[in-house]
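The values are calculated or read from the model by the stated rules, or taken from the named source; none is laboratory data. In this text the structure is predicted, and so the values were computed from the model without any measurement. So basically every Cβ, Gly included, is an ideal-geometry build from the backbone, and we count neighbours across all protein chains shown. To get the accessible areas, we keep the full protein, side chains included, count just its heavy atoms, and leave off ligands, DNA and RNA. Shrake-Rupley method; radii C 1.70, N 1.55, O 1.52, S 1.80 Å.
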Amino acid sequence: MQRIGKQLFCYRYLIGIIIFIACVGLELHGSSLNIWLQWLPGGQQNNELIFGKLRAIRSDEWAVFTPLTLAQRYNPLGAYSYFSTIVRGGITDCFIVYGQPVWNPMMIFRIFQVGFLFLTAGQGMAFFWVGRGIVLFLISVEMGILLTNGNKFLSVAFAAMMLFAPMVQWWYAINGLVEMLIAGQLAVFAVYQYMRTTRYFIRFLSTLVLVWCGGTYILTFYPAWMVPFAYVWLVLLISVILKNKNTFQWIWKYDGLLVILFLALLGGCMFYTFHKSWDCIQAVLNSSYPGKRVSVGGQVAWTSLLSGSNLFFPYRTEMIPFLKRAEMPVCEFALFMDFFPIGTLFAIYAMIKRKRVDSCLIGLFVIDFLFTAYTVWGFPEWLAKLTLLSFSSSNRVAETVSFVRLLELFCAIGLYSRYKPLVRKKRVQHYIGAVVQMGIIVGIAMIMGIVNHTILPDYLWKKDVIVIVAIFFVVGWLVWHSDRIYMTGLFSCFCIGISLIAGGYVNPVQKGLDQVQNNPLLVQMKQIDLTDSGMWITEGMEFPYGNIPLLAGVSSLNATNVYPNLNEWAILDPYGTQKEIYNRYAHIQVVLTNEPTSFLLARMDEFIVKLNPDDLNKVGAKYILSRRDLTQFNRDTCQFVLAAQVEDYRVYKIITN
C-alpha cells in the first residue's frame with residue numbers, strides 16, 4: 001500500500017492530466033445550470049445529474065455567471081468578442097466584471113476559460129470546472145510540502161482540505177476565489193524556486209510565472225477577498241525569503257533585469273486591460289451598489305468559529321437561521337475546516353517544545369489577530385483605509401481567518417513532526433502531563449461543540465454537537481501526537497475524509513448542457529431572433545426569469561446588469577431623479593403598467609421598472625417574453641402581436657407607431 005501511495009504521488013501530474021482529459025471529453029462539470037429545468041416550460045426531469053444535488057442557493061452561478069458565459073457564443077459583435085450587445089441593452093464589457101471568455105491576449109490570465117473558445121459549450125464548462133480543481137489540488141500539494149517541510153502525507157491532506165474546503169466549494173464558480181488560491185500559492189512556490197536555484201533559465205521561468213500569478217490575481221477583480229488573502233500571501237512570501245536568504249545568490253546584472261521584466265510585463269498587461277475597460281471600471285466604482293464602499297468591520301463576531309458546523313451544510317436546508325435573525329444563505333457561513341483553536345494552540349506548543357521561533361507562524365499569528373480584531377470590534381475608518389480592509393467586509397475577512405488558521409495547523413504539525421519524537425520517560429510527571437493534555441483536548445472539543453450550537457441553535461441538532469465534539473477530540477489527539485509517523489498518517493487520512501464529507505457533496509456532478517440548451521422555449525426564441533433580431537424584454541417575471549434571453553443567446557434589456565447602463569435608463573428618467581435606483585449592479589424586473597414609467601428599488605441588487613407601453617419605442621425593444629396576456633395594453637401607439645407560445649410563455653412582437 002505504501003508503495004502504491006508513493007507511485008501515485010510521484011505521477012500526480014500525469015494522473016491529473018489524464019483525469020482532466022477524460023472529464024473534458026465526457027463534459028463533466030459542477031454547474032447547477034439544470035435548475036433552469038424547474039423554471040422553463042417542458043417539465044423535464046434532470047437526466048444529466050450523475051452525483052450530488054443542484055444548488056438553488058448558488059443563483060449567482062447558474063442564473064447569472066453561466067448564462068452570461070453561454071451567451072458569449074451568440075454575441076452579435078462576434079462570438080466571444082470583448083464587448084457584447086446581448087447584456088444590458090447596449091455595448092457591454094464582458095471581460096473585466098463577471099469575467100467572461102473573450103478573444104483577447106489577456107485571456108492568458110483567465111486560462112481556465114480558454115476552453116470555451118475552442119471546444120463545445122459542454123466541454124468548455126468541463127474545462128473550466130475540472131481544470132481549476134485539478135490545478136488547485138496540485139499546487140496545494142506543493143504548498144503543503146513547503147508548510148510541512150516535505151511531509152507527503154500532510155501535503156496531500158492539506159491539498160484535499162483546500163480543494164474540498166466548504167468555502168471553496170460553495171463559492172467555486174464565482175468571484176475568482178479558486179483563481180486567487182491558485183495564483184497566491186503558485187506565486188509563493190515560484191519565489192521559493194527562484195531563490196533555491198542558480199540557473200537563470202529557471203529564474204526566468206519563475207519570473208514569467210509570477211507575472212501570470214499577479215495578472216490572474218488582479219483580474220479576479222473582487223477586492224473583498226483580494227485584500228485579506230494578499231496579507232496571507234505576503235506573510236508566506238516573507239517566510240520563504242527569510243528561510244532562504246542565507247543561500248540565495250543575487251546578481252544585479254541578471255536579477256535586476258528579471259525584476260524589470262516582471263514589472264514591465266505585468267504593468268503593461270494591466271495598463272492595456274484597464275485602459276480598454278476603463279469605462280466599465282468607472283461605472284462600477286461610481287455606482288450606488290457596489291460602488292466605493294468603505295467597510296470598518298465589526299458586526300460579525302463569531303462566524304469564524306463555525307468550521308465544525310460546516311460538516312452539515314451540504315445535507316441540510318440552504319438557508320440558516322442565524323442568532324434568531326432573518327435566515328442567511330449557507331454559503332455566507334462557509335469556511336475552511338481549520339479546527340480552531342487546536343491549530344493555534346498547538347502552534348504555540350510546538351514552538352515552545354521545539355525551541356524554534358517559526359517566522360511563518362509568527363506572521364500568521366499577526367494577521368490572525370488583525371483580522372479577528374477587524375471582524376469582532378471593527379476599526380476606525382482611517383485604520384480600515386490604512387490597512388486596505390475598507391475594501392473588504394467583516395464576512396469576507398472572517399472567511400479568510402479560517403484559511404489563516406488552517407495554515408497555522410499544518411505549519412505547526414510540520415514544525416513539530418520535523419524532529420525526533422520527544423522522549424517520554426515513564427514517571428509521574430509524564431502521566432500527569434498526559435492527563436492534563438487529555439483534559440485540554442476534551443475541554444476544547446466540548447467548548448467548540450457548545451459554541452457552534454450557541455451560534456446556530458435552530459440549525460444544529462444535539463447529535464450534531466456530539467459529532468462536532470468527537471471530531472475535535474480526534475483531531476486534537478492526533479495533532480498532539482503528530483511527532484509519531486503513524487499518527488501523522490492517521491491525521492492525514494482523517495483530514496481527507498472530513499474534507500470530502502464537508503465539501504465533496506456541495507456541487508453536483510453533471511454531464512453536458514443539452515437539456516437546458518434544447519429547451520423548446522429557448523429554441524423558439526433563437527429561431528425568432530435568427531430571422532428578425534432585436535432587443536428583448538422579459539415582463540412580469542422576477543429574477544431569474546430576466547436572464548432567460550441570455551440562455552437563448554438573444555439581446556436583452558433587463559438581463560442582470562453586471563454594471564449600470566446609465567445611458568439606457570436615463571432615457572426613461574430624463575431628469576435623473578431616480579438615478580440612485582438604477583445606478584447599480586442589479587437584477588431587473590420589468591412590469592408593464594398604464595401608469596407613468598417609474599423605478600422601484602426592491603432589494604440592494606434588484607429594482608423594478610414599471611414601464612408604460614408608450615415608452616417601449618424609447619428603449620428600442622422588439623420582443624417581449626411574458627406569461628401574461630399583454631394584448632390588454634394594446635393602443636394606437638403600441639400593439640402586442642403574439643409571435644409564439646410555449647405552454648404559458650408568450651412571445652410578443654412589439655409594433656409601435
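Listed values, structure above:
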| read-out | value |
| --- | --- |
| Net length gained if the chain between Phe118 and Leu257 were fully extended (0.36 nm per residue, minus Cα distance) | 46.4 nm |
| Spin-label zone in region 639-657 - amide nitrogen under 18 Å from a point set 7 Å from the Cα of Asn617 along the C-beta vector | 639-641, 653-657 |
| Computed FRET value (nearest 0.05) for Lys245 with Met270, which takes r as the C-beta separation and R₀ as 41 Å | 0.90 |
| Inter-label distance for Gln437 and Trp39, nm, one decimal - labels placed 7 Å from Cα along Cα-to-Cβ | 5.5 |
| Gain on full stretching of the segment that runs from Ala570 to Arg316 - 0.36 nm per residue minus C-alpha separation | 87.0 nm |
| Neighbour cut-off at most 14 other Cβ (10 Å), DSSP loop, trypsin sites (Lys or Arg not before Pro), region 292-364 | Lys292, Arg293, Arg316, Lys324, Arg325, Lys355, Arg356 |
| Options (1) 1.09; (2) 1.00; (3) 1.14 - which one matches Rg/Rh (Cα atoms, Kirkwood Rh) as calculated here | (2) |
| Aspartates and glutamates with Cα under 20 Å of Lys253, excluding same-chain neighbours fewer than 8 positions away | none |
| Length gained when the stretch Ile50-Glu595 is fully extended (0.36 nm per residue, less Cα-Cα span) | 191.3 nm |
| Using a Förster distance of 41 Å, the FRET efficiency for Ile447-Arg627 (Cβ separation, nearest 0.05) | 0.15 |
| Amide N of region 199-233 lying under 15 Å from the label point, which is placed 7 angstrom from the Cα of Gln193 along Cα→Cβ | 199-214 |
| Rough spin-label spacing in nm, given labels placed 7 Å along Cα→Cβ, for Asn518 and Leu530 | 1.6 |
| Alpha-carbon spread of region 152-307, three principal axes, descending order, Å | 50, 45, 27 |
| In region 156-223, trypsin sites (Lys or Arg not before Pro) in a DSSP loop with at most 14 other beta-carbon atoms within 10 Å | Arg199 |
| Karplus (6.51, -1.76, 1.60) ³J(HN,Hα), θ = phi - 60°, over region 390-399, in Hz, Gly and Pro reported as x | 5, 7, 9, 7, 4, 4, 5, 5, 4, 5 |
| Qualifying lysines (Cα of each under 30 Å from Cα of Lys292; at least 8 residues distant if same chain) | Lys276, Lys385, Lys579, Lys610 |
| Sparsely packed GluC sites (Glu not before Pro) within region 15-64, loop by DSSP, other Cβ within 10 Å at most 12 | none |
| Under 26 Å from the Cα of Lys53 - lysines, other chains or at least 8 residues apart | Lys462, Lys463, Lys511 |
| Alpha-carbon centroid distance for the pair region 254-282 / region 341-374, whole angstrom | 36 |
| At R0 = 22 Å, FRET efficiency that the Cβ-Cβ distance of Arg293 and Trp382 yields, to 0.05 | 0.85 |
| For region 445-522, alpha-carbon Rg over 2.2 N^0.38 Å | 1.70 |
| Heavy-atom surface of the chain, accessible at 1.4 Å and reported per residue (Å²) | 43 |
| Span from the region 480-513 Cα centroid across to the region 550-612 one, whole angstrom | 46 |
